[in-house]
Structures are given as C-alpha cells and as structure tokens.
Amino acid sequence: MDKFLITGGRPLHGRVVISGAKNAALPALAASLLTDQRVILHNVPRVRDLSTMRSLLEDLGVDSSVTHEPRGNRVEIEARQLLNPVAPYELVKQMRASVLVLGPLVARFGQAKVSLPGGCAIGVRPINLHIKGLEKLGATINFDHGYADVRANGLKGTEYYFDTITVTGTENLMMAATLATGVTVLQNAAREPEVQDLADLLNKMGADIEGAGTPNIRVRGTGKLHGAEHSIIADRIEAGTFLAAGAITGGELTVSQCDPEHLASVLADLEMAGVKVVRGVDDPQTLTVMAGAKLRALDVTTQEYPGFPTDMQAQFMTLMTQAEGSSVITETIFENRFMHALELARMGADITVNGRRAVVRGKTPLSGANIQASDLRASASLVLAGLVAEGETVIDRVYHIDRGYERIEEKLTQVGASIARISESD
Ligand code: EPU
C-alpha cells in the first residue's frame, strides 16, 4: 500500500489545473448504458473510481476505450449488448457509486442485479430510495443473498418524492425515467451541479429533462436515446481542497479551469474565516487565495447543494485547527464522517467530537506524525494537515485519496509542497 511522506511548513505558490469531476463522470459512464450508440466523454479524471466503473461496465459486457487528452481522459463507450446484468459485491463494496448502473440497466434491459452496499467508513448509506423510486416506476424488486434483483417490463412515468435528498438516487431515477413511457416528476431532488451535468449529457442523448438543478425534475420519457459527446464539468471539491491548501499554508495559490459558481458556499465560508479569495481577473474560471490571511474560527454546517458540501467538511476542519478561536462543525449528511478528527488530534489538534458535532479549538501547532487515511475526503484533510505540520508526516493507505484526486502529490509538488509517494516496492 502506498504512503505519502510530507514535510510541512512550505507555503504553496503557483497554479493548479482542476480535473474533471469524479462525481459527474461516474454517472456519465453509467448513462452510456442507456443507448446502443457511441457515447464519447471528455475531461474524465484519471482516478481509481473511474477505472472501477470501467471494470464494472466490462463485467456487464460493455467495452470502453480510453485515450489521453491534454485535459483528462477521453472515454468512448458503446453499449451494444448486455452479457450479464450484475453489479457484483466485490465492486460495489469497493465503490458504492456502482449502484448507478441500476437505473440504466432496468430501464434499457429490464433487469439488474445489484449487490446491496452495506455499511461504509462514513455512514450507513442505504439505497432504499433508489429502489423505492424504481418500484414506483413499475419495477419489481426481490432481495436475495445480499442482492437487489430488479426487473421491469417497461417503466412507466410517475411522481416520486424523495424523503431524503440523495445525489445518486436522483441520478439513478432521472436516468431510468428517460426510457420510461410518459412523464416522471422527481420531487425533493438533489440540486448538485453533477446532477445538472448528467441531465445535460442525457439531453444531448435525446432525453427531455427540465428542472435539473432545482428540487423538481421533469423527465418526459422518449423511449430511446442516441449517442452523444460531452465534456465533464470541473471538480468543485478538488478546487475547494486546493484553495484550502493555499489558505492553510499561507501561500498565494490559483486554481484554474474550475467553475467558481459551483463553489459559492465554500468561497463564502473561506472568506468569513478570513481567507481572501480573488475571482479570476482575466479568466472567469480561476480563483486565487491570497497570502497573509489571519484565519478566524467559523461554525460550519454541511448541507445539500447549494449548502456547504459534506465532501469539504474534513478539509475545513483541518483549516479550523489553524484558526483563532472555537469552531463548531456540524455534519448533517453522513452520521460517521469525523474519522479524520482522531488523526488530526494525534498531530496536536484540539478537537472534541460529540455525535454529529465537532468542536475545534485553535490555533494549535500541528506536528508531523504517522497517520492513516480512512476515506477519500478524510485523506485530503490529512494531506492539508501534513502540509502545515512541523516536521515529517507519513500518511498510510493513500489508496483512498487515489480514488478521487488525480495525481494530488504531483499537483502539490508543482506549487512548492514537499510530498512524495512511497510505494510498497520502494
Ligand atoms: N440516503 C438514504 N437512502 C438512500 C440514499 C441515500 O437514506 O436510498 C441517505 C444517505 O445515507 C445519506 C444521505 O441520504 O445520509 C445523502 O446521501 P446521498 O445518496 O446523497 O449520497 P451518495 O449519492 O451516495 C454522493 C457522492 C458523495 C457525496 C454525497 C453527498 C457520488 C458518486 N457520491 O453520494 O461523494 O458525499 O453524494 O453529497 O456522487 C465523495 O466524493 O467523497 C463522496 C462520498
């Protein structure tokens, strides 16, 4: 298992180019199952979760090809036939987003067998709402040996209200509804930019979707979709993570090729915490954190988009360890997403966790230590801690970070960080 060795204390300076959004590319790959024609995707990030999704498509009998482009990967998929409608336990347990094939498979082939995901490092994360929604669209469900076996003889448009806002649940049902007969209205839908990006792709494929990005999505089933070409949006969480890295190290760091609109809540909170962020003067797709910020404690509560993203909570917690005062961080989306707090405490942070709340008392110096990554965003928060800590930090299990950040150590090195990957074989 690879590790990162970080020597802290260097302010970051320069420019980081943001990759395509993992959480937009994953449903886009799944959407290619909705047609027998070629779907071409650009700006697909080179991260492990995308390779896992390609392996899953391969298991289903669908080949994809990848070519490198100056910006991300170009992935080409032609789902002419389906050999095996199963998302197996081995893949679903590695990556819960595997469940995104459920809607497309049932809609196009009338059958899908998807392993139930079970618990994960950040919470229970059931898929009951995906399943209930498909049932409402006319599918029948059987649970057997840890799998949901979902079958349909043609889906029919319906109205469905999500009891809890779910990103992949919204994506699954939106995809399924494109091939249903009649109109489907999804209420209390997720408004994330990744949902909008998926709707843009589906509309290019001939779907008729209105309202993506609002709580009410209306899908007029068109029965058949065709091929399309689409470029994935920028990763707002990667951009936010690098902005936090610039701020915590006291450097002047620019992130480019991002969409500042998708980062509104993160930027607002960074600014309230004393970070000066300059919006692209000559290029609207850039953001720069300025040096010299005096960080102030700020209370933050995670919310669905457009609120503060749970996927930035861990990174913000690390930032708050370097702010003057007490900050209360409330996690409302997942019930167990504070694993990083214990590791940060080992580095000298003063953090008390009580249920879904963490109180961070700053400013405390951090000192380098041997620490362990527990999930993707927790790993990112530990990298930030390593960048500001005195001495050397060794982060174990960085495969978590490779799931969703493209070459993070290379991007950080380019802007002045001292970070090296230590491979098992080294
Ligand atoms: N939920 C249910 N039932 C369901 C579905 C969800 O109770 O059927 C609950 C979950 O347990 C959770 C809440 O609803 O408490 C929201 O979960 P959601 O379904 O929105 O999460 P997700 O779709 O599984 C996506 C991202 C996550 C991100 C969350 C929240 C992808 C592939 N994953 O997950 O990304 O944290 O939305 O924004 O889009 C990450 O990138 O590190 C990551 C975990």
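Close Lys pairs in the chain, defined as Cα atoms under 17 Å apart and 8 or more places apart or on different chains, number 10. Note on region 1-119: with neighbouring protein chains present and a 1.4 Å probe, carbon and sulfur make up 46 percent of its accessible heavy-atom surface. Per residue, region 232-347 exposes 35 Å² of solvent-accessible protein surface, assessed with a 1.4 angstrom probe and all protein chains in place.
Once C-alpha pairs closer than 8 Å and six or more residues apart are averaged by separation and normalised to the residue number of the chain, the relative contact order reads 21 percent.
Given the C-alpha atoms of region 47-91, compute the convex hull and give its volume per residue in Å³. Numbers along the way, then the final one.
On the way: hull volume 2.5 nm³, N = 45.
Per residue, the Cα convex hull of region 47-91 comes to 56 Å³.
Solvent-accessible area per residue in region 373-426 equals 35 Å², computed with a 1.4 angstrom probe and all protein chains kept.
The charge dipole of the chain, taken about its Cα centre with unit charges on the Cβ of Lys, Arg, Asp and Glu (plus for the first two, minus for the last two), comes to roughly 380 debye.
Rounded to the nearest whole Å², what accessible area per residue is found for region 70-121 with the 1.4 Å probe?
Working: 2070 Å² over 52 residues.
Per residue, region 70-121 has an accessible area of 40 Å².
To put it simply, the accessible area of region 183-298 at a 1.4 Å probe is 47 percent carbon and sulfur.
Residues considered: 269, 235, 311. Largest GNM mean-square fluctuation over the chain, using C-alpha springs under 10 Å, is found at 269.
Extending 7 Å from the Cα toward the beta-carbon at both residue 407 and residue 5 defines two label points whose distance is 2.2 nm.
Report the charge-dipole magnitude of region 273-341 in Debye, nearest 20, computed about the Cα centre from +1 at each Lys and Arg Cβ and -1 at each Asp and Glu Cβ.
280 debye
When the chain is treated as a GNM with alpha-carbon contacts under 10 Å, the residue of 246, 182, 157 showing the greatest mean-square fluctuation is 182. The modelled label-to-label distance between residue 352 and residue 324, using points 7 Å beyond Cα along the C-beta direction, is 2.3 nm.
For region 159-234, just say rounded, prolate or oblate: build the C-alpha gyration tensor, square-root its eigenvalues into a ≥ b ≥ c, call rounded for a/c under 1.5, and beyond that prolate if a/b exceeds b/c, oblate if not. Before the final figure, lay out each step's value.
On the way: a/c = 2.18, a/b = 1.15, b/c = 1.89.
Oblate is the answer for region 159-234, as a/c is 1.5 or above yet b/c matches or exceeds a/b.
Ordering 224, 113 from largest to smallest accessible area (1.4 angstrom probe), what's the sequence? If you can, show how the numbers build up before the last one.
On the way: 224 135, 113 70 Å².
Highest to lowest solvent-accessible surface, that is 224, 113.
What is the Rg over Rh value, at two decimals, for the chain, using alpha-carbon atoms and the Kirkwood definition of Rh? When Rh is taken as the Kirkwood radius, the ratio is 0.98. With the whole protein complex present, residue 191 retains an accessible surface near 90 Å², based on a 1.4 Å probe. Remark: spin-label model distance residue 132-residue 271 equals 3.8 nm, labels positioned 7 Å along the Cα→Cβ axis. In the chain, the longest principal axis of the Cα atoms and the axis of helix 22-31 are about 10 degrees apart.
Using a probe of 1.4 angstrom, how much of the accessible area of region 339-378 is carbon and sulfur, in percent? Intermediate values should be presented prior to the final figure.
Details: 920 of 1890 Å².
On region 339-378, the fraction of accessible area on carbon and sulfur atoms equals 49 percent.
The values are calculated or read from the model by the stated rules, or taken from the named source; none is laboratory data. These figures come from a predicted structure and were not determined experimentally. Please note: Cβ atoms are built from the backbone with ideal geometry, for glycine as well, and neighbour counts cover all protein chains shown. Quick note on the areas: whole protein, heavy atoms, side chains included, nothing else; ligands and nucleic acids left out. Shrake-Rupley method; radii C 1.70, N 1.55, O 1.52, S 1.80 Å.
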